[in-house]
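To start, the structure under review is shown below, and the notes come after it.
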Amino acid sequence: MRTKAQILIVDDEVDFTEALKKSLEPKGYQVVVARSKDEAEDMVNNQKPDMVIVGTIRPRGSAFQLHVWLKDTPQFSDMPLLVVDAPLEERLIKGWLMDEGLELRAEDYVSKPIKSASLVPRIEKLLAKAIHMIKVLVVDDHAVVREGIRALLVLQKDMEVIGEAENGQVAIDKVLKLSPDVVIMDIVMPVMSGLDATKRISEDSPQTKVLMLTQYDDKENMFVAKQSGAYGFVAKKAASSDLLTGIRTVSAGRYFPRAFAYVTANW
């Protein structure tokens, strides 16, 4: 499973692709390269990249044709596309024609020469629009538990651990500072319990949803968690897929599991 977005660069200039790879890979992106239109189409079909950068390829018109294929193929039409055109003096050889430019449907367009480092912010912006990252704060008094959760979430393309806290009070402070979408909250912790922290967070930062992750998965704790403002409840002994589904569900403002919405004192 990918640790971050995969980016396909389509360009027949080795110096350009290597420079761009060196700028992107330290940021965690997986970068693959194609040297022709046909190779690019095969890689898109087989690898399903998260974004395509269409640079300069021969023969002239191939870049435009690849761009049209990507935008006309339903399963790829929403894929972010950045066009890097040839420099002005080379456009008669392998650049875009004027009438092709009028049909441009890419999300962004630049032309060479351009420094690879200056492309990185543009690429990150396009990916951020395409992939909404769920910002997660992990709260547990055991470092090994926090590390385990972080290791699981870093494998998800749509999740980012933006901080950790070892007790409820630190969690409240970090919610105010970091504005996470979801807080994964233990119940029993020193200084301030997860239940007390959840109540404060739900009152002061209602846009942040709390998902309880605890070994105390009895009905009484589920009821108290719901009363405190939690949006979900996952037992630590549950499968990791439950935690991931729970994060995605509560980040959308829905209860997890669905039955949690109906938890009452007599449940």
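Laboratory data are not the source of any read-out in this text; all were calculated from the coordinates shown. The shown structure was predicted, so the numbers you read here are calculated from the model rather than taken from an experiment. With ideal geometry, Cβ positions are generated from the backbone for all residues, glycine too; neighbour counts draw on all protein chains shown.
Classify the stretch 6-130: rounded, prolate or oblate, from the alpha-carbon gyration tensor (a ≥ b ≥ c, eigenvalue square roots; a/c under 1.5 rounded; otherwise prolate if a/b is larger than b/c)?
Rounded.
Excluding ARG254 itself, what net charge comes from residues whose Cβ is under 10 Å from its Cβ, given Lys and Arg +1 and Asp and Glu -1?
Net local charge, ARG254 excluded: +3.
Just to confirm the number: angle between the C-alpha axis of helix 219-228 and the first principal axis of the chain, 0 to 90 degrees, nearest 10?
70 degrees
I need the GluC sites (Glu not before Pro) found in the stretch 67-160, filtered to DSSP loop residues with at most 15 other beta carbons within 10 Å of theirs. Mind dumping the intermediate values first?
On the way: sites: GLU89, GLU90, GLU100, GLU103, GLU107, GLU124, GLU147, GLU160; in loops: GLU103, GLU107.
Of the GluC sites (Glu not before Pro), the ones in loops of the stretch 67-160 whose Cβ has at most 15 other Cβ atoms within 10 Å are GLU103.
In terms of modelled amide H atoms, which long-range or inter-chain residues lie less than 5 Å from the amide H of ILE9?
VAL32, VAL33, ALA34, ILE53
For the chain, with only Lys/Arg (+1) and Asp/Glu (-1) charged at the beta-carbon, what is the dipole magnitude about the Cα centre, in debye rounded to 20?
Values: 35 positive and 39 negative charges, 77 e Å.
The calculated dipole for the chain is roughly 380 debye.
In whole Hz, with x marking every Gly and Pro, tabulate ³J(HN,Hα) for the stretch 207-214 from phi via Karplus 6.51 cos²θ - 1.76 cosθ + 1.60, θ = phi - 60°.
6, 8, 9, 9, 10, 6, 10, 8
Hey, what angle do you get for helix 240-251 against the long axis of the chain, alpha-carbon based, 0 to 90 degrees rounded to 10?
Value to nearest ten degrees: 90.
Under the Kirkwood approximation applied to all pairs of distinct alpha-carbon atoms, what is the hydrodynamic radius of the chain in Å?
Details: mean 1/r = 0.0480 Å⁻¹.
Mean inverse Cα-Cα distance, inverted, gives 20.8 Å.
Quick one: which of LYS157/LYS226; LYS37/LYS112; LYS157/LYS236; LYS157/LYS199; LYS199/LYS237; LYS27/LYS199 span more than 27 angstrom between C-alpha atoms? Numbers along the way, then the final one.
Details: LYS157/LYS226 29 Å; LYS37/LYS112 19 Å; LYS157/LYS236 22 Å; LYS157/LYS199 30 Å; LYS199/LYS237 24 Å; LYS27/LYS199 36 Å.
Long pairs (Cα-Cα over 27 Å): LYS157/LYS226; LYS157/LYS199; LYS27/LYS199.
Tabulate in residue order the Karplus-calculated ³J(HN,Hα) for the stretch 9-19, using 6.51 cos²θ - 1.76 cosθ + 1.60 with θ = phi - 60°, rounded to whole Hz; enter x for Gly and Pro.
3J(HN,Hα) across the stretch 9-19, in whole Hz: 9, 10, 6, 9, 9, 4, 4, 5, 5, 5, 5.
Just want the ordering: MET51, MET189, from fewest to most Cβ atoms lying within 10 Å of their own Cβ. Working shown, then result.
Details: MET51 20, MET189 23.
Ranking MET51, MET189 by Cβ neighbours within 10 Å, fewest first, gives MET51, MET189.
Taking the beta-carbon count within 10 Å as an exposure proxy, list TRP96, TRP69 from fewest neighbours to most. Walk me through the numbers before you get to the answer.
Values: TRP96 23, TRP69 14.
In order of increasing Cβ crowding within 10 Å: TRP69, TRP96.
Does anyone have the angle between helix 168-178 and the longest principal axis of the chain? Alpha-carbon axes, 0 to 90°, nearest 10?
Once rounded, one gets 30 degrees.
Starting from the Cα of LYS112, step 7 Å along the direction of its Cβ; do the same at ALA235; then give the gap between the two resulting points in nm.
Here the answer is 5.9 nm between the modelled labels.
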